[in-house]
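One structure is given below, encoded as structure tokens.
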């Protein structure tokens with residue numbers, strides 16, 4: 001609470017400070033208050049007491065053959081409410097300086113729900129056609145110009161990559177074309193490994209993740225594509241307490257497009273990737289070989305594919321529809337040991353989510369019906385899942401916003 005009060009005090013003091021001195025940065029405060037009311041027809045995999053929905057849980061049969069997860073739930077939370085401070089500063093080395101600081105009450109873990117957590121914190125330097133960003137913001141595979149406009153806080157997960165990372169981002173513009181190059185580390189969104197979810201595996205590799213993206217933008221159309229690369233070091237010591245340095249490298253690629261015309265918007269994205277656990281998607285990696293005498297391990301990536309589309313129309317009254325599909329493609333090598341993923345018995349997930357948004361000046365009322373189907377089964381030696389059973393969850397969501 002003391003940290004929250006201090007942050008607000010700093011923001012307010014800046015807001016009322018005199019800016020006649022050109023070296024004093026200008027600050028603009030914004031944000032929103034949001035409350036979500038949601039009902040699920042069955043038990044679901046989520047974060048923060050059901051707020052961030054991933055997918056419905058598999059059947060869990062009791063002694064009488066009854067599905068323990070076939071039980072509905074309801075909750076209401078305001079933890080997505082947030083405060084944003086945008087800074088505009090003086091020229092530095094010929095560049096316009098600026099920055100952004102944003103937080104919300106989502107917490108950093110389920111035990112920290114209602115806790116104030118950092119979302120964005122970065123500094124920017126903008127020249128005429130070149131820009132540099134230092135700090136934490138969206139992973140470049142979450143394209144800020146093209147992402148699902150769903151009411152749910154999951155923003156299209158697990159079909160849409162979702163993560164914020166500390167990074168250095170370089171952007172070079174060539175009229176309508178941009179080249180974006182990024183080096184990233186991990187903080188809140190981490191990879192899985194022998195010690196659980198942690199940034200340790202990337203940190204111990206020493207080399208940060210890397211991303212390269214091309215983006216074309218005109219008045220009504222945006223399109224682009226990118227490639228992502230990261231290397232993890234799952235262990236620095238084997239189970240036999242011998243020094244280890246085996247790594248697992250992975251690639252990912254995406255292509256996206258968005259078209260807008262008057263009140264109409266259409267967007268779509270496709271992603272193929274290896275080891276996408278840190279982006280809240282299917283996939284990960286697994287042990288492909290073990291030396292039983294030394295404990296040395298080798299690894300293989302678990303690959304996945306996803307595609308989604310989103311359409312909307314209108315301003316004051318805005319109906320829309322999201323649809324997404326993701327498929328587990330398994331591994332290239334046989335798996336002989338542990339899986340390091342979020343879940344390894346899902347074959348595919350499909351979601352359709354119609355919505356209607358009502359905008360009244362600073363107030364918004366939103367409704368959404370999220371229908372998600374998951375095919376659960378048994379993974380073979382290559383991580384591919386067969387003999388599946390489908391489970392379905394229907395989430396009804398109502399959200400009320402006040403923007404400031």
Notebook entry, point to check: Looking at 31, 50, which one is out of contact with any helix residue (DSSP H, G or I) (no Cβ under 6 Å at 6 or more places or on another chain), surrounded by 18 or more Cβ atoms within 10 Å (Cβ to Cβ) and touching a residue at least 24 places away in the same chain (Cβ under 8 Å)?
Noted result: 50
Next item on the list: Could you check, for segment 354-367, whether at least one of its residues is in contact with a strand residue (DSSP E or B) (Cβ under 8 Å, 6 or more places away or on another chain), assigned to a loop (DSSP other than H, G, I, E, B), in contact (Cβ under 8 Å) with a residue 40 or more places away in the chain and surrounded by 14 or more Cβ atoms within 10 Å (Cβ to Cβ)?
Entry: no
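With 335, 343 as the choices, which residue is closer than 19 Å to residue 250 by Cβ, under 24 Å from the mean Cα position of the chain (by Cα) and in a loop (DSSP other than H, G, I, E, B)? Walk me through how you get there before you give the answer.
Details: 335 fails: under 24 Å from the mean Cα position of the chain (by Cα).
Every option except 343 fails the conditions.
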Margin query: Given the criteria over 30 Å from residue 236 (Cα atoms), in contact (Cβ under 8 Å) with a residue 12 or more places away in the chain and surrounded by 22 or more Cβ atoms within 10 Å (Cβ to Cβ), does residue 320 qualify?
Written below: no
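Conditions tested, residue by residue: (1) over 20 Å from the mean Cα position of the chain (by Cα); (2) within 18 Å of residue 169 (Cα to Cα).
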site: 88; (1), (2): yes, no
site: 95; (1), (2): yes, yes
site: 100; (1), (2): no, yes
site: 104; (1), (2): no, no
site: 118; (1), (2): no, no
site: 122; (1), (2): no, yes
Check: Just a yes or no: is a residue in segment 374-385 touching a helix residue (DSSP H, G or I) at 6+ places or on another chain (Cβ under 9 Å) and either in a strand (DSSP E or B) or touching a residue at least 60 places away in the same chain (Cβ under 8 Å) (or both)?
Finding: no
Next item on the list: Check 104, 66 and return the single one that is without any contact (Cβ under 8 Å) to a residue 40 or more places away in the chain and surrounded by 15 or more Cβ atoms within 10 Å (Cβ to Cβ).
Entry: 104
Notebook entry, point to check: What residue, of 182, 143, 151, is at pLDDT 95 or above, under 18 Å from the mean Cα position of the chain (by Cα), under 28 Å from residue 92 (Cβ atoms) and assigned to a loop (DSSP other than H, G, I, E, B)?
Noted result: 143
Item checked: Leading residue by the ranking (nearest to the chain's Cα centre (by Cα)) among those in segment 156-179 that are buried (at least 20 other Cβ atoms within 10 Å of the Cβ) and assigned to a loop (DSSP other than H, G, I, E, B) -> 162
Margin query: Taking the criterion of being modelled with pLDDT of 95 or more, surrounded by fewer than 16 Cβ atoms within 10 Å (Cβ to Cβ), over 21 Å from the mean Cα position of the chain (by Cα) and over 27 Å from residue 223 (Cβ atoms), would at least one residue in segment 296-310 satisfy it?
Written below: yes
Checklist line | Answer from 232, 212 - the residue that is modelled with pLDDT of 95 or more, more than 14 Å from residue 186 (Cβ to Cβ) and within 20 Å of the chain's Cα centre (by Cα) | finding: 212
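The values are calculated or read from the model by the stated rules, or taken from the named source; none is laboratory data. Predicted model only: the values in this text are computed from it and were never measured. As a convention, Cβ positions derive from the backbone with ideal geometry for all residues, glycine included, and neighbour counts pool all protein chains shown.
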